[in-house]
Structures are given as C-alpha cells and as structure tokens.
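The values are calculated or read from the model by the stated rules, or taken from the named source; none is laboratory data. Not measured: the values here are computed from a predicted model. For neighbour counting, all protein chains shown are included, and Cβ atoms are generated from backbone atoms with ideal geometry for every residue, glycine included. Heavy atoms of the whole protein, side chains included, go into the accessibility calculation; ligands, DNA and RNA do not. Shrake-Rupley method; radii C 1.70, N 1.55, O 1.52, S 1.80 Å.
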Amino acid sequence: MLDVMLDLETMGNGPDAAIVAIGAVEFDLEAGEIGEKFYMVVDLESAIQMGGIMDASTVLWWMQQSDEARNVFTRQGETITKSMLMFSRWLRERGDRSDVRVWGNGVAFDNVILAGSYRRHNVTPPWSGRNNRCYRTVMKLHPHVKMQRVGVHHNAVDDAENQARHLISMIGSKTI
Ligand SMILES: [Mg+2]
C-alpha cells in the first residue's frame, strides 16, 4: 500500500521537537483498507542528544494526559537513530521512495519533525517531500464526518490507525 499515516508523540511542538514515539499505519484509500502497522518507542535521552527540543508547555500537557497515554514514558525505548533506521526499512517495504505518500496531522507537525530528525542525522528522509500529505486539512474540509476513536488517545500507532480510518471515511471510495 502506498499511503502511510504517520503519528509522532513528542516532547515539543516546534519543527525540532524531541520524538518519544513513532507510529504509522499503511492504508489503501481506494479499497478502504488498513494494512501493516509500525510502532516504536524512542529513548528521549537519545532524541535530545541528536538535537531534539523539549518545550515546557508540552511537558505540562503530557502531565494532564491519561495514564495509558503516558505509559510511553515507562517503556524502554530504542535510540532515535535505530528507530529512524527501522522506520526507513518499514517504509521501503511499502513502496519506492518516490511513490509512498506520508500523511501527518498538520502541515507543520509529524512529517516536518521526522524529516528534520533525519536531516540532523545527515540522512535523506525515506519519502519524497513531494509526497507529503496533510490529514488535518482534509479533516477541516469534512467537519461533519466524525472520527470513531479506538485504542488509546495519544498512543502513536492507535492515533495513526484512527486517523487513517477517519481519512478513508472522509475521502475513501468506500467506508470500513
Ligand atoms: Mg498522537
């Protein structure tokens, strides 16, 4: 499948935000199907060592989220370097770099932050900038189509799956 919904959990909200989890789900808009999923918890220390930024406002925001969502901080994560390598491998299995479309929640969030982290590693992001897609824009154009949320809100892979299903219900050729 050539469409991938990406969701990051971070400790900041700027373009260099420190990443704490990477979630992604492949999907087929036309067929209305969800495929393989990707989830990695990232070691925050390693993300900061590689230039990730923490914002106080995001730390305070996390303190108000559910225990289930904050479980991400109790898990031993992989280094940011290994996590990005694993994501690159997974994304390559979905299709060629020039073909895979990556959807994020907002034009300045998930895709920008992850691509920036690749660049700080001197690695070309594993998808083409031309294939950046914005789920939030589509959502704002379809305010009447509500998301049916399952799983844990602010768990990266659950969020990615919910967003992919919501996108399919908004602009897929059939709903699932
Ligand atoms: Mg999320």
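Please name whichever of Gly51, Ser173, Ala160 sits farthest to the positive end of the charge dipole of the chain, dipole taken about the Cα centre and charges placed at Cβ: Lys and Arg +1, Asp and Glu -1. About the Cα centre, the residue reaching furthest to the positive side is Ser173. Of all aspartates and glutamates in the structure, those lying under 19 Å Cα to Cα from Lys82, and not within fewer than 8 positions of it along the same chain, are Asp7, Glu9, Asp16, Asp43, Glu45, Glu93, Asp110. Solvent-accessible area per residue in the chain equals 50 Å², computed with a 1.4 angstrom probe and all protein chains kept. Extension gain, Asp99-Trp62: 0.36 nm per intervening residue step, less the Cα-Cα distance, totals 9.8 nm.
Straightening the chain between Thr137 and Asn13 buys 42.8 nm, computed as 0.36 nm per residue apart minus the Cα-Cα spacing. If I model a spin label at Leu85 and Met147 as a point 7 Å from the Cα along the Cα→Cβ vector, what separation in nanometres do I get? The answer from the label model is 3.2 nm. Largest accessible area first, the listed residues Asp43, Asp16 line up as Asp16, Asp43 when surface is computed with a 1.4 Å probe on the assembled protein chains. In whole percents, the pair-distance distribution calculated for the chain from its alpha-carbon pairs, binned every 10 Å from zero, is 10, 41, 36, 12, 0. Residue order by solvent-accessible surface for Tyr135, Tyr39 is Tyr39, Tyr135, largest first, with ligands and nucleic acids left out and a 1.4 Å probe.
A simple spin-label model places the labels of His121 and Tyr39 2.1 nm from each other, with each point 7 Å out along Cα-to-Cβ. Listed peptides 142-153, 114-125, 68-79 appear in the order 114-125, 68-79, 142-153 once ranked by packing, highest mean of other Cβ atoms within 10 Å at the front.
With a 1.4 Å probe rolled over the protein heavy atoms of all chains, the accessible area of Leu44, Leu91 falls in the order Leu44, Leu91, largest first.
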